[in-house]
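This report concerns only the one structure given below.
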Amino acid sequence: MKKLIAALSALLIASCASSYGQERASGSHCSWKTNKHNQRTTVADPAEDNYDVKYLKFNLNMTNASTTLSGDVTTVAKVVSASLPAYVFELDPAYTIDSVLINGTPQTLTTSGVVRTVAISPSLPMGSMFTTQVFYNGTYSGGASFFSGISNMVSPTWGAHVTSTLSESYDANQWWPCKQSLRDKIDSVDMWITVADSLKAGSNGVLQAITPIDTAHSRYEWKERYPIDYYLISAAVAPYVDYSYYAHFTGSTDSVLVQNYVYNNPATLPHFKSIIDSTGMMINYFSTLYGRYPFWQEKYGHCMSPISGGMEHQTMTTLGYFEGTLIAHELGHQWFGDNVTCGSWADIFMNEGFASYTEDLFIDHFRSHTQMLSDIILKQTDVKSFDTGTVYVDDTTDQNRVFDNRLTYEKGASLLHMLRSIINNDSEFFQVYKVYQQQMKDSTGTILDFRNVAANVLGLTVNGINLDSFFNQWAYLQGFPIYNITWNQSGSDVYVNMLQTTAVPSSVPLFTLPVDIQLRSAAGDTTITIVNNQSSQLCHFTWSKAMTGMALDPDNWLVYALNSITKDPLLSTQQLSLPEIKLYPNPATNCWRADHVPANSSFTVTDITGRVLWSDNNESNSTVIIPGQQLATGMYLLRIMSSDKAVTTYKIVKE
């Protein structure tokens with residue numbers, strides 16, 4: 001849902017932790033303690049969880065003139081508790097229930113607010129299937145905000161009178177007798193809507209038939225056969241025209257129906273036709289990134305409604321207007337939100353963060369990388385406009401907090417952008433997306449589920465960054481890093497001192513991130529990557545060009561604040577060097593010996609690209625043996641860092 005609201009140009013040797021190792025770890029993953037202050041259950045009564053909904057059939061009469069509706073909804077469910085003494089469901093008191101049938105027999109109903117209870121005698125045993133049919137009618141009058149189960153509005157631009165539904169997060173009970181449980185996806189749905197012949201009724205799945213009812217009314221019969229969450233079921237009624245076409249997938253003869261219900265104002269379709277036509281190209285492109293569009297055997301489409309944004313109803317988005325990033329956002333939800341739905345409203349990032357980053361992927365591919373970076377910078381800047389707040393929602397009782405633009409959408413998208421930087425390989429980054437879709441399809445997933453998939457695909461440590469730490473810091477904790485940086489150059493020796501504080505040190509005292517540093521010169525620039533894992537980090541590089549300055553994160557990957565970058569003529573070798581260490585033999589056949597090493601030093605051997613091949617540390621011994629049997633013949637870099645962060649790098653040669 002969207003509510004409007006460098007290439008290396010010279011030999012570079014780094015003497016502090018640098019990019020990017022290839023470690024692929026396995027084994028058990030850490031667990032997180034999440035902050036659960038005010039977590040609202042989706043069901044209004046725990047007894048709703050005693051059954052599992054398998055099938056729904058709607059048979060409704062609707063109009064575009066008001067929210068008045070009548071008809072019945074059939075539910076087929078399975079008992080999943082020890083027994084089922086009562087069928088409990090939700091429906092707003094605005095509706096009168098005429099009767100309730102269970103397995104074809106009329107039953108007595110009691111009401112307490114939105115909770116409706118039908119006693120069952122004798123109780124149904126575990127595992128038994130049962131069918132209910134609720135006949136009801138009424139007019140819901142609370143639809144004055146974006147969060148309204150059913151609304152009736154007039155488009156201020158196009159003049160169309162529309163009735164449409166929008167159930168996210170807790171509002172399905174404002175238009176149909178339901179169980180609101182994210183974890184209970186409904187296996188299939190038939191949506192039958194009878195309307196005047198001057199109208200059309202749009203919904204999920206495939207339009208099976210338009211059946212005449214009398215001389216003035218017809219029934220639109222839609223069939224959704226993919227599992228669907230309760231809040232993704234929709235209906236929209238208006239004087240529409242149907243503009244449809246087929247889009248094709250690259251490298252395949254398969255195609256998908258793109259079906260659009262557009263206002264029948266003669267100016268509406270011509271105004272939006274070009275962007276509607278581009279929807280097929282978006283479906284194809286995102287399929288290359290995320291995996292094949294999950295509902296391609298049914299359709300993807302849009303129903304227009306005068307809402308301020310869009311809502312990703314499965315296979316048939318409801319939206320106020322057609323615009324590239326809005327379409328991309330709601331289309332992205334078909335993977336992240338519909339095929340795999342957030343496991344709780346606290347994990348709404350798994351819907352909205354991914355859809356928001358889909359906007360940037362759309363801009364990057366269909367417009368320009370420069371424009372995409374501008375949008376990323378706007379998101380990052382807004383994230384930093386306040387220090388506090390987490391991606392994980394600690395108060396799901398407040399829908400405005402659930403859908404907080406800064407935290408859920410923009411910080412969520414920024415988290416994914418940073419993860420992409422850490423992985424530093426788009427093929428691997430999008431492979432995580434694809435595996436998540438494959439493993440979790442037709443079900444629900446949490447932030448932890450996504451982290452686990454990423455760790456299984458890539459390893460728990462990715463290029464020097466622990467995924468547990470990364471997700472914990474950026475999804476569950478608060479703040480961002482703040483940098484003060486000094487640098488100096490003496491001949492070909494470059495020294496950089498990175499000082500990191502944080503916006504909320506009580507939450508995260510130190511962020512561990514790969515930080516790109518661009519060394520600038522009149523003869524050309526170069527960028528190196530440092531794994532910043534210390535609050536005070538001294539680094540030494542070799543670069544032959546005369547520096548004119550330095551830039552941090554030139555490609556805008558990270559969320560951070562920069563206080564200063566200044567040249568410090570006193571920053572020198574003396575501040576970075578270790579006491580004299582004797583290293584021999586060099587070249588070596590099997591190993592190297594380092595004498596006079598300070599206690600509690602760390603050792604890292606990398607190849608010339610910075611790939612970590614071996615690491616260790618000493619507690620007290622002044623002599624350290626660096627093994628070389630496993631290395632191929634060639635030159636490597638040995639980095640030794642003392643406990644006080646002094647660093648020296650040696651070129652070592654394996655014969």
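Nothing in this text is a laboratory measurement; each read-out follows from the coordinates by a stated rule. All figures in this text were calculated on a predicted structure; none of them were measured in a lab. When we count neighbours, we look across all protein chains shown, and the Cβ atoms used for this are built from the backbone with ideal geometry, even at glycine.
Quick notes
- Arg40-Thr501 pseudo-label distance in nm [points 7 Å out on the Cα-to-Cβ vector]: 3.9 nm
- Residues with amide H under 5 Å from that of Ala236, placed H, sequence gap 5 or more: Gly202
- Residues Arg639, Arg593, Arg401, ranked from the fewest to the most other C-beta atoms within 10 Å, line up as Arg593, Arg401, Arg639.
- Here the chain carries DSSP beta bridges of which approximately 85% are antiparallel, counting only pairs with both residues inside.
- The simple Förster model, with R0 at 60 Å and r as the Cβ-Cβ distance, assigns Ser564 and Thr139 a FRET efficiency of 0.45.
- Karplus (6.51, -1.76, 1.60) ³J(HN,Hα), θ = phi - 60°, over the range 108-125, in Hz, Gly and Pro reported as x: 8, 10, 10, 10, 9, x, 7, 7, 10, 10, 10, 5, 10, 9, x, 4, 7, x
- Amide H contacts of His313 (H built 1.01 Å from N, in plane; Pro and chain starts excluded): Thr318 sit under 5 Å, all sequence-distant by 5 or more or on other chains.
- Taken over the range 152-234, the ratio of Cα radius of gyration to 2.2 N^0.38 Å equals 1.22.
- Total charge dipole magnitude, the chain, about the Cα centre, Cβ charges on Lys, Arg, Asp, Glu only, Debye to nearest 20: 860 debye
- Estimated distance in nm for a label pair at Ser492 and Ala546, the labels positioned 7 Å out from Cα along Cα-to-Cβ: 1.7 nm
- Cross-link table Lys54/Lys441; Lys2/Lys57; Lys2/Lys411, entries beyond 20 Å C-alpha to C-alpha: Lys2/Lys57
- In this rough spin-label picture, where each label sits 7 Å from Cα along the Cβ direction, the Asn400-Glu323 distance is 2.2 nm.
- Checking the Cα-Cα distances for Lys200/Lys434; Lys299/Lys379; Lys545/Lys567 against a 27 Å cut-off, the pairs over it are Lys200/Lys434; Lys299/Lys379.
- Using a Förster distance of 45 Å, the FRET efficiency for Asn425-Asp98 (Cβ separation, nearest 0.05): 0.15
- Mean projected area of the convex hull spanned by the Cα atoms of the range 372-498, taken over all viewing directions: 10.4 nm².
- Extent of the range 71-178 along its three principal axes (Cα atoms, max minus min coordinate, largest first): 56, 24, 22 Å.
- Hz values of 3J(HN,Hα) by residue in the range 432-438 - Karplus curve (6.51, -1.76, 1.60), Gly and Pro given as x: 4, 4, 5, 5, 4, 4, 5
- Taking 0.36 nm per residue of separation and subtracting the Cα-Cα distance, full extension of the segment from Gln439 to Gln629 would add 64.4 nm.
- Cβ-Cβ FRET estimate between Cys591 and Thr461, R0 fixed at 25 Å, reported to 0.05: 0.45
- Database remark: amide H of Asp254 closer than 5 angstrom to the amide H of Phe249 (H placed geometrically; neighbours at sequence offset of 5 or more, or on other chains; Pro and chain starts carry no H).
- Radius 15 Å from Cβ of Tyr243, net charge of other residues (Lys, Arg +1; Asp, Glu -1): +1
- Hz values of 3J(HN,Hα) by residue in the range 277-289 - Karplus curve (6.51, -1.76, 1.60), Gly and Pro given as x: 5, 6, 4, x, 5, 5, 4, 5, 5, 5, 5, 6, 8
- Sorted on the mean count of surrounding Cβ atoms within 10 Å across their residues, most packed first, peptides 151-160, 188-197, 410-419 read 410-419, 188-197, 151-160.
- Taking each residue as 0.36 nm, the span from Thr388 to Ala209 lengthens on full extension beyond its C-alpha to C-alpha distance by 59.2 nm.
- Correct choice for Rg/Rh (Cα atoms, Kirkwood Rh) that was computed from the model, options [x] 1.07; [y] 0.96; [z] 0.99: [x]
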